[in-house]
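Beneath this line is the structure, given in structure tokens, with notes to follow.
The values are calculated or read from the model by the stated rules, or taken from the named source; none is laboratory data. Because the structure is predicted, anything quoted here is derived from the model rather than measured. Cβ placement follows ideal geometry from the backbone for every residue including glycine, while neighbour counts extend to all protein chains displayed. Calculation scope for accessible area: heavy atoms of the full protein, side chains included, ligands and nucleic acids excluded. Shrake-Rupley method; radii C 1.70, N 1.55, O 1.52, S 1.80 Å.
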Amino acid sequence: MISRRGILWGATAASAAILCRPSVGLAEAGRFVNPLKIPALLEGTPGSGGKIYDLSVASGKSEFLPGMSTPTIGINGPYLGPTIRCRAGDHVTLRVKNALNEPTTMHWHGLHVPASSDGGPHQIVEAGAIWEPSFEIKQKASLCWYHSHLMGHTGEQVLRGLAGLFLIDDEESRSLRLPSEYGVDDIPLILQDRRFNSDGSFDYLSAMPDAMMGYKGNVILVNGTANPNVVLRRQRTRLRILNGSNSRIYTLGRDDGVDLIVIGSDGSLLERPARLRRVRLGPGERVEMLIDMQTNQTIKLMSYPDRVTSRGMGPGMMMGGMAGNAETFPIIELRAAQLETTDLSLPARLVQVPSWIPARDTRTRTFTLDMPMMGMGMGGMMGRRTMDGLMGINGRSMSKSRIDVQVPLGSIEVWEIRNTTPLAHPFHIHDIQFRVLDRDGDPSLPNERGLKDTVLVDPGSAVRVIAEFADFADPHHPYMYHCHILEHEDAGMMGQFVVV
Ligand code: C2O
Ligand code: CU
Ligand code: CU
């Protein structure tokens, strides 16, 4: 059922055993027998100060694979959570009840909210407690998400199911008449990869490379559905895709070679649609795309080998190769039934996105992603099961008691992220949405020309982003910035900033 076939990455015999990695189960994934689950919509109930959303975090059991029961945790259900939907300008209260018997946190990834409401490592919700942040939605229409951010345990809690989508609408995006009937022609896809033990439980961090390279599974789940198919009813469908995996990078494309029509990034729609053969999506990133189909057509949304991190050349790049992302596998089968005709025109311009230009006095900060213990050599690093403190930024590993950066309220800053490691890292900043200025001096990619909060930084590369820190000064509550490979975040590739 589950492929246990390992891939050898051309290493020495001594290290071959620990380098064995399970590969994505291609044969199993070929069947597409299960209708895609669509997360329930949660639109809030009117309360005195706005809309109230009840989120109850509890443990449960899920059957992902036939006859196998997997212990999971979820929000208002056994695995993952409902899709929170609201509109720009709404006042929302998120009532998070922790019915687990362990602490957790709930972070609103991509949302521009006060740091005390952000749900990062400092806003712990103890077992049995309720945490109730309230804030105004002050941002553009976008696909954001929410997930556990418990210091040192984010990877494990997200793996077990603590994540969901957060959809924001606004007038500007509505006026574009894009497909927007949730679950019908506006379909969310949460991409995750998992490995299972023979008793059905998730297998996490049992393989040595997991901690350093990031966790990779051999079964792809979409919205918690293995082997998924979805039946489409309209000529044009909008897919809103979240890479909710702990570490896997997907290179998305249609198996019929037709271009994807990319319309959105993390924090907004794009300025203009981009027709692209492939879109690379790192952990934490989102992409919105349009898929046009014909009646009775069946296609697959695929993941193709990552050109960047699958190159297994030279001693330094060997680790990059081990990070995986080298396989070709189907994610979901899209089946067109008898299709209703829809308007297939598309405006040349979608939305207005702020584009800040660095000025003479614009402050640039540099964040160097590093592995402070790299000097110990592979042996020393690989022999450890946990990586606490082995991943860093600017030579330091995350500490909750150290503020790394103070950003003046109202400033526009350029953050340059440099990657000195042999692995690609998706760098994420809380609080703000940024624009990607350039990659090693080259222009940003067409699918990045919208607002973003997470950006892939390739080995040896430097990416510059620019953002405005317009609101929420608070010297006492920090925001995080970190690698969104959750095993790297948990190992300390994270830092804290305050807006003052
Ligand atoms: Cu998606 Cu700091 O998180
Ligand atoms: Cu975040
Ligand atoms: Cu990383």
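Using only Cα atoms, locate the centre of the range 461-483 and the centre of the range 84-125, then give the distance between them in Å, rounded to an integer.
Between the Cα centre of the range 461-483 and that of the range 84-125, the gap is 18 Å.
At a 1.4 Å probe radius, which order do Ser59, Ser198 fall into by accessible area, largest first? Could you put the intermediate results ahead of the total?
Values: Ser59 85, Ser198 120 Å².
Ranking Ser59, Ser198 by accessible area, largest first, yields Ser198, Ser59.
Could you please state, rounded to a whole Å, how far the C-alpha centre of the range 183-248 is from the C-alpha centre of the range 385-440?
Spelled out, the Cα-based centre of one part sits 26 Å from the other.
Tell me which of Pro114, Val230, Ala470 sits at the most positive position along the dipole axis of the chain, charges placed on C-beta atoms (Lys, Arg +1; Asp, Glu -1).
Val230
At a 1.4 Å probe radius, which order do Arg238, Arg402, Arg95, Arg174 fall into by accessible area, largest first? Before the final figure, lay out each step's value.
Working: Arg238 15, Arg402 55, Arg95 80, Arg174 120 Å².
I get Arg174, Arg95, Arg402, Arg238, largest accessible area first.
Please list, by residue number, everything in the range 228-245 whose backbone N is under 16 Å from a paramagnetic label point 7 Å out along Cα→Cβ of Glu340.
Zone members listed by number: 231-238.
How would Asp442, Asp193 rank on accessible area, largest to smallest, probe 1.4 Å? Each step should come with its number before you reach the end.
Details: Asp442 95, Asp193 0 Å².
The most accessible residue leads, giving Asp442, Asp193.
Among the lysines, which have Cα under 29 Å from the Cα of Lys37 when same-chain residues fewer than 8 positions away are ignored?
Candidates past the 8-residue exclusion: Lys51, Lys61, Lys97, Lys140, Lys216, Lys300, Lys452.
Using a simple spin-label model with points 7 Å from Cα along the Cα→Cβ vector, what separation in nm is obtained for Asn394 and Asp438?
About 2.3 nm separates the two model spin labels.
What accessible area per residue, rounded to a whole number of Å², is obtained for the chain using a probe radius of 1.4 Å? It would help to have the intermediate numbers written out before the result.
On the way: 18050 Å² over 500 residues.
Accessible surface, normalised per residue, equals 36 Å².
What are the extents of the Cα atoms of the range 79-190 along their three principal axes, listed from largest to smallest and rounded to whole Å?
44, 27, 20
Carbon and sulfur: what percent of the range 32-72's accessible surface (1.4 Å probe)?
Details: 1280 of 2140 Å².
Carbon and sulfur together cover 60 percent of it.
Evaluate 2.2 N^0.38 Å with N set to the residue count of the chain, then give the Cα radius of gyration divided by it. Could the numbers behind the result be given before it?
Details: Rg = 21.3 Å, N = 500, 2.2 N^0.38 = 23.3 Å.
Normalised Cα radius of gyration, the chain: 0.91.
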